[in-house]
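A.B. asks: My questions all concern the structure below.
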Amino acid sequence: MVGYRTFSKWKYAEYIQFLELNGWNIIKSESIKASFPIAFVIARKCKNEHDI
């Protein structure tokens, strides 16, 4: 790809799961179809396991 170097590639569902497993509460997420797929995610870092 021209413009920037890619260090890792994620599938949309894998990326959301990674965030959740690392303490992020997903508020909104969307897969945007462009010349390459883009994950749009709004998330909040959980302070403890009871945060929603």
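The values are calculated or read from the model by the stated rules, or taken from the named source; none is laboratory data. All figures in this text were calculated on a predicted structure; none of them were measured in a lab. Methodologically, a virtual Cβ is constructed for each residue, glycine included, from the backbone with ideal geometry; neighbour enumeration extends over all protein chains shown.
A.B. asks: Pairs please, first residue from the range 22-46 and under 9 Å from residue 12 (Cα atoms) and free of Cβ contacts under 8 Å to residues at least 12 places away in the same chain, second anywhere and surrounded by fewer than 13 Cβ atoms within 10 Å (Cβ to Cβ) and among the aliphatic types (A, V, I, L, M), Cβ atoms under 7 Å, 6+ apart in sequence or on different chains.
C.D. replies: That search, which allows pairs on different chains as well, returns 38/32.
A.B. asks: Go through the range 19-41 and report how many residues are surrounded by 11 or more Cβ atoms within 10 Å (Cβ to Cβ) and either in contact with a Pro (Cβ under 8 Å, 6 or more places away or on another chain) or aliphatic (A, V, I, L, M) (or both).
C.D. replies: Qualifying residue count for the region: 6.
A.B. asks: Of a type in the set (D, E, K, R) and either assigned to a helix (DSSP H, G or I) or at pLDDT 95 or above (or both): is that true of residue 44 in this structure?
C.D. replies: Criteria met by residue 44.
A.B. asks: Another question about this same structure. How many residues does the range 2-18 contain that are of a type in the set (Phe, Trp, Tyr) and surrounded by 10 or more Cβ atoms within 10 Å (Cβ to Cβ)?
C.D. replies: Residues meeting the conditions: 4.
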